[in-house]
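In what follows, a structure is listed as structure tokens, so that the remarks can point back to it.
The values are calculated or read from the model by the stated rules, or taken from the named source; none is laboratory data. All values derive from a computational prediction rather than experimental measurement. All Cβ positions, even for glycine, are placed from backbone atoms using ideal geometry, and neighbour counts span all protein chains on display. Just so you know, the surface numbers come from the protein's heavy atoms only, side chains and all, with ligands and any DNA or RNA stripped out. Shrake-Rupley method; radii C 1.70, N 1.55, O 1.52, S 1.80 Å.
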Amino acid sequence: MSRLELLVDRDGPLTRAAVLADGRLTDLQIDHADRPSLLGAVILGRVERIATGLNGAFIDLGGGLSGLLPAADVRRPVLDDDSSPSRSHPRPGSKPSAIGALLRTGQPVVVQVKADAAGAKGPSLTMDITLPGRFLVHAPLGRDIAVSKRLGSGPERAALARRIEGLVTGAGWIVRAGAAQVSDDLLTAESEALHLQWRAIRDDARAGSAPRLLHPGPDAPTRALIEQGAAAPDTIIVDDPAPSGGIAVGEGPLLLGLRGWCDRHAPDLLPRLTAHRASQRLFDLRDLDSAIAELLDIRVPLPLGGSLVIERTEALTVVDVNAGERGNPVDVNIDAAAEIARQLRLRNVGGIVVVDFVNMRGRGDAERVLAALSHAVESDPVQTQVYGMSKLGLVELTRARRGTPLAALLRP
């Protein structure tokens, strides 16, 4: 089993959280102080304008920023009493009502950012609030317990749902795959922390005026821990020395903030959390600056020979697989499938991706490669869908847009 490490540091405006499996970079989360992300933030906004043609409403988020809330994402207002009927919550698969029948100009609404602004588009919003944990996701406006489809058979998921029902506080829960592997005590602690987090958000929304931030999205180290789920790091090392006059040597605000989050949401991780005390910077010591810089290159060498060429256009991302001097195209393509999944995740590529694999002889070979690619993207916490191979031998897939692409975060 791989040894997992989470290494966290602050480098100028960047807060970086790198997950390593047996010393190899597998996941990377970055926050840029000058280009802050709103992904996951819960905001008390105000309806700025009803856009009938889009069947949505533009919501004033404050600071001159507005985002689009589609009618399909309108839910019972959090500002209403909890006992009020959920008239605006559409049934799954039902056609959403006209936006003018759901919201009015000037109305305060609690929304969550589900995708950051991209180009000329503002943030994408929803009223379907979700608060993620490592094992559970609290969806407080929901009424059911939904279990991840990654968790085996229907009976297995039903048994886990019954187990969770006896542990959680309140309604509306999504059970992540890792929940089956952990103790009842951990699940209960996480559900209570998420439920208290929601109550604080709701009470704050009812106590003040719009627009204003109610709860920020998770920061880079927290996102890394949440996305690892039950695969908890064996060690968490934070390189964030305290400023002059700090609370304790080696304990800066980054370490203290992560310790506070673990204390509330992940007490099992507290013994694994340590400060980096060596004179050499942590990321220098582990040569991570070089590994991150390589993620901006268009050419990526494959571990066993051959390479990928990854190029981003305005409409999509194109990946070309080159065999180099290796003779067997199927072996090259299977190696490439694993590296493609890793690169998409590390670079935070979203949208349409087209892969041009090395030409293969038979349909059976193509199916093996497609199966390898589908398996490789299964562990990606961002929804990724492989659509198959075209007549021209191109494989099409999509990866949900979430957060800012790595290239945009690291550009000067």
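Please determine whether any residue of the stretch 259-270 is of a type in the set (F, W, Y) and either outside any helix (DSSP H, G or I) or at positive phi (or both). Full working, then the answer.
Just the residues of the stretch 259-270 that are of a type in the set (F, W, Y), to begin with: 261.
Now restrict to residues that are either outside any helix (DSSP H, G or I) or at positive phi (or both): none.
Looking for residues that are of a type in the set (F, W, Y) and either outside any helix (DSSP H, G or I) or at positive phi (or both), one finds none in the stretch 259-270, hence no.
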- Message: Quick check on this structure: which one of D268, D239 is acidic (D, E), open to solvent by less than 40 Å² (accessible area, probe 1.4 Å) and in contact with a Leu (Cβ under 8 Å, 6 or more places away or on another chain)?
- Response: D239
- Message: surrounded by fewer than 20 Cβ atoms within 10 Å (Cβ to Cβ) and over 15 Å from L131 (Cβ atoms): is that true of A200 in this structure?
- Response: no
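Listed here are the residues, each with its yes/no results for (1) open to solvent by less than 70 Å² (accessible area, probe 1.4 Å); (2) under 21 Å from the mean Cα position of the chain (by Cα).
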position	(1), (2)
R223	yes, yes
A230	yes, yes
P233	yes, yes
L258	yes, yes
A275	yes, no
S279	no, no
D287	no, no
- Message: Of the residues A315, A293, A248, only one is over 30 Å from D185 (Cβ atoms), modelled with pLDDT under 90 and among the aliphatic types (A, V, I, L, M); which?
- Response: A315
- Query: Are any residues in the stretch 349-365 touching a residue at least 24 places away in the same chain (Cβ under 8 Å), of a type outside the set (F, W, Y) and either in contact with a strand residue (DSSP E or B) (Cβ under 8 Å, 6 or more places away or on another chain) or part of a helix (DSSP H, G or I) (or both), and if so, which ones?
  - Reply: V349, G350, G351, I352, V353, V354, V355, D356, V358, D365
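Name the single residue, out of those in the stretch 366-412 being more than 28 Å from L151 (Cα to Cα) and part of a helix (DSSP H, G or I), that is nearest to the chain's Cα centre (by Cα). Outline the logic, then answer.
So the first thing to find is which residues in the stretch 366-412 are more than 28 Å from L151 (Cα to Cα), and the list is 390-394, 404-412.
Retained after the next criterion (residues that are part of a helix (DSSP H, G or I)): 406-410.
Working: L406: 13, A407: 17, A408: 17, L409: 16, L410: 19 Å.
Among residues in the stretch 366-412 that are more than 28 Å from L151 (Cα to Cα) and part of a helix (DSSP H, G or I), the one nearest to the chain's Cα centre (by Cα) is L406.
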- Task: Sort out which residues of the stretch 135-160 are more than 30 Å from L65 (Cβ to Cβ) and buried (at least 16 other Cβ atoms within 10 Å of the Cβ), and write them in order of number.
- Result: F135, L136, I145, V147, S148, L151, R157, L160
- Give the residues of the stretch 22-70 that are in a loop (DSSP other than H, G, I, E, B), among the hydrophobic types (A, V, I, L, M, F, W, C) and farther than 15 Å from K121 by Cβ, sorted by residue number. A33, A41
- the stretch 196-225 residues that are on the phi < 0 side of the Ramachandran plot and in contact (Cβ under 8 Å) with a residue 24 or more places away in the chain, paired with ones that are among the acidic types (D, E) and not in a helix (DSSP H, G or I) (beta carbon under 8 Å, 6 or more apart): A210/D60; P211/D60; D219/D31; A220/D31; A224/D27
- Of (1) out of contact with any Lys or Arg (no Cβ under 9 Å at 6 or more places or on another chain); (2) on the phi < 0 side of the Ramachandran plot; (3) assigned to a loop (DSSP other than H, G, I, E, B), L296 satisfies every one except (1)
- Task: Go through the stretch 196-221 and count every residue that is hydrophobic (A, V, I, L, M, F, W, C) and under 21 Å from the mean Cα position of the chain (by Cα).
- Result: 5
- Close pairs (8 angstrom Cβ cut-off, 6 or more residues apart or separate chains): closer than 20 Å to S97 by Cβ in the stretch 46-67, of a type in the set (S, T, N, Q) and open to solvent by 50 Å² or more (accessible area, probe 1.4 Å) anywhere: V47/T105; E48/T105; R49/T105; I50/T105
- Check the stretch 79-91 and report whether any residue there is at pLDDT below 80, open to solvent by less than 40 Å² (accessible area, probe 1.4 Å), touching a helix residue (DSSP H, G or I) at 6+ places or on another chain (Cβ under 8 Å) and more than 25 Å from A408 (Cβ to Cβ). yes
- Take the residues of the stretch 135-186 that are touching an Asp or Glu at 6+ places or on another chain (Cβ under 7 Å) and touching a residue at least 40 places away in the same chain (Cβ under 8 Å): which is farthest from I226 (Cα to Cα)? L141
- Item | Close pairs (7 angstrom Cβ cut-off, 6 or more residues apart or separate chains): within 14 Å of A408 (Cα to Cα) and open to solvent by less than 30 Å² (accessible area, probe 1.4 Å) in the stretch 290-319, in a helix (DSSP H, G or I) and of a type in the set (K, R) anywhere | L295/R347
